[in-house]
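**Student:** To start, I am sharing the structure in question, which I have written as structure tokens.
Just so you know, all these numbers are worked out from the coordinates, no wet-lab data involved. Worth saying up front: this structure is predicted, and the values here are computed from it rather than measured. Note that we place each Cβ from the backbone using ideal geometry, even for glycine, and neighbour counts take in every protein chain shown.
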Amino acid sequence: MDKIKSLSRKTIAIRKRLLQMIYEAHGGHTGGSLSSVDILVALYFEVLNVDPNDPENKDRDRFILSKGHSVESYYCVLAEAGFFPEELLNTYGKIKSPLAGHPVNKVPGIELNSGSLGHGLSVGVGMALAARMDKRDSWVYVLMGDGEQAEGSVMEAAMSAGNYGLDRLVAIIDRNRLQISGDTEKIMKLDSLADRYHNLGWQVKEIDGNNMEELLKTFHSMPLKKDHPSLIIANTTKGKGVTFIENRAKWHHRVPTREEINQAMEELDKQLFENGPDE
Ligand SMILES: [Mg+2]
């Protein structure tokens with residue numbers, strides 16, 4: 001099976017798993033988890049230098065999920081990558097489970113407690129500076145939401161990254177054009193994002209963030225320019241993969257009913273079938 005097909009298959013299976021988790025836990029962030037699956041799969045299975053058997057290795061790459069509320073896709077990808085047993089996903093949202101509603105760094109593979117928006121890029125800048133000072137080859141990747149861009153601290157971090165020319169820092173914006181209360185362009189205009197980052201010293205590339213081939217090609221061409229941090233504006237669909245969830249703000253943290261979960265699974269099973277048989 002070719003690589004793209006095999007990774008796409010993984011994204012569909014992860015979409016199924018995360019929906020099941022949200023359904024069983026009666027809570028979660030459905031839309032933003034679904035939009036970010038392809039980005040996370042590309043990173044964890046083709047890009048990041050991380051080892052589930054040695055998660056604290058000093059030379060590892062660092063990944064920060066700054067949009068920490070989209071935790072369900074993150075947990076599913078970490079389990080699939082081998083950072084913890086798949087069965088642990090069944091405990092999500094239950095009392096005493098380490099898998100809380102936002103990422104906590106006690107869970108193997110998670111670098112930073114996150115979910116209070118606007119913090120991830122600042123920490124990523126610090127990590128990239130530290131790696132440079134220690135003469136380590138680690139890369140730092142930070143995945144942010146588009147609604148998150150309204151947090152002032154993101155722009156302060158972006159300014160520092162540009163100032164210090166952190167070319168091993170890669171920020172990704174999950175540009176699904178929706179946030180909790182609606183259309184991002186009606187709440188806080190973001191269409192000048194590329195120019196804003198560029199003016200602070202970043203190199204910027206816009207891609208289809210739900211297209212595995214484009215994601216891999218882009219990640220493999222980092223840095224976009226030597227001595228400059230890279231920003232990938234990943235245009236995605238909030239709720240990607242399930243038509244009645246796609247592009248609907250109410251699905252930011254809505255939980256599917258029994259009928260809806262059945263319908264979603266049917267749709268995703270169809271995608272798995274169309275993607276081709278298991279090999
Ligand atoms: Mg968004």
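**Student:** Over the chain, what relative contact order in percent results from Cα pairs under 8 Å that are six or more residues apart?
**Tutor:** It rounds to 24 percent for the chain.
**Student:** Right, something else. Given Lys5/Lys226; Lys205/Lys238; Lys186/Lys225, which pairs have Cα atoms separated by over 29 Å?
**Tutor:** In this structure, Lys5/Lys226; Lys186/Lys225 exceed 29 Å between Cα atoms.
**Student:** Against the longest alpha carbon principal axis of the chain, how many degrees, from 0 to 90 and to the nearest 10, is the axis of helix 152-163 turned?
**Tutor:** 50
**Student:** What residues have an amide H closer than 5 Å to that of Ile64, excluding those fewer than 5 places away on the same chain, when H is modeled at 1.01 Å from N in the peptide plane?
**Tutor:** Residues meeting the amide H criterion: Tyr141, Val142, Leu143.
**Student:** Just need the Rg to Rh number for the chain, please, alpha carbons only, Kirkwood Rh. Before the final figure, lay out the partial values.
**Tutor:** Numbers: Rg = 17.8 Å, Rh = 18.8 Å.
Reported Rg/Rh (Cα atoms, Kirkwood Rh): 0.95.
**Student:** Cut-off 10 angstrom, C-alpha nodes, Gaussian network model of the chain. Which of Val204, Val47, Val71 fluctuates the most?
**Tutor:** Val47
**Student:** Expressed as an acute angle from 0 to 90° and rounded to the nearest 10, what is the orientation of the C-alpha long axis of helix 3-25 relative to the principal long axis of the chain?
**Tutor:** Relative to the chain, helix 3-25 is tipped by roughly 70 degrees.
**Student:** A further question on this structure: Once you compute Rg and the Kirkwood Rh from C-alpha atoms, what is the Rg to Rh ratio for region 133-279?
**Tutor:** For region 133-279, the value is 1.05.
**Student:** Output ³J(HN,Hα) for region 259-264: one whole-Hz value per residue in order, computed from phi by the Karplus curve 6.51 cos²θ - 1.76 cosθ + 1.60 with θ = phi - 60°, and x for Gly and Pro.
**Tutor:** 5, 5, 5, 4, 5, 5
**Student:** Additional query: Leu99's amide H: which non-local residues (gap 5+, or another chain) put their own amide H closer than 5 Å, with H modeled 1.01 Å from N in plane and none for Pro or chain starts?
**Tutor:** For Leu99, whose amide H was placed from the backbone, the distant partners under 5 Å are Gly93.
**Student:** For a quick protection proxy, order the peptides 99-105, 73-79 by their average other-Cβ count within 10 Å, most packed first. Walk me through the numbers on the way to the answer.
**Tutor:** Details: 99-105: 17.7, 73-79: 25.4.
Highest-to-lowest ranking by the protection proxy: 73-79, 99-105.
**Student:** Using θ = phi - 60° and the Karplus form 6.51 cos²θ - 1.76 cosθ + 1.60, what ³J(HN,Hα) does each residue of region 170-176 get, whole Hz, x for Gly and Pro?
**Tutor:** Per residue, the Karplus-derived 3J(HN,Hα) values read 10, 9, 10, 10, 7, 8, 9 Hz.
**Student:** Relative to the longest principal axis of the C-alpha atoms of the chain, give the angle of the C-alpha long axis of helix 120-133, reported between 0 and 90° and rounded to the nearest 10°.
**Tutor:** In the chain, helix 120-133 runs at an angle near 50 degrees to the longest axis.
**Student:** If you count, for each residue, the other Cβ atoms within 10 Å and average over each peptide, how do 220-229, 25-34 line up from highest to lowest?
**Tutor:** With the highest mean Cβ count within 10 Å placed first, the list reads 25-34, 220-229.
**Student:** Also, I was wondering about something else. Scan around Lys238 for amide H atoms under 5 Å from its own, H built in the peptide plane at 1.01 Å from N, and keep only partners 5 or more places away or cross-chain.
**Tutor:** Asn247
**Student:** Can you compute 3J(HN,Hα) from phi for each residue in region 186-197, using the Karplus curve 6.51 cos²θ - 1.76 cosθ + 1.60 with θ = phi - 60°, rounded to whole Hz and x for Gly and Pro?
**Tutor:** 3J(HN,Hα) across region 186-197, in whole Hz: 8, 9, 8, 4, 10, 5, 9, 3, 4, 5, 4, 5.
**Student:** Please report the antiparallel percentage of DSSP beta bridges with both residues in the chain, rounded to the nearest 5.
**Tutor:** Percent antiparallel among DSSP bridges in the chain is about 10.
**Student:** Starting with the fewest neighbours, write out Lys238, Lys94 ranked by other beta-carbon atoms found within 10 Å of each beta-carbon.
**Tutor:** In increasing order of surrounding Cβ atoms, one gets Lys94, Lys238.
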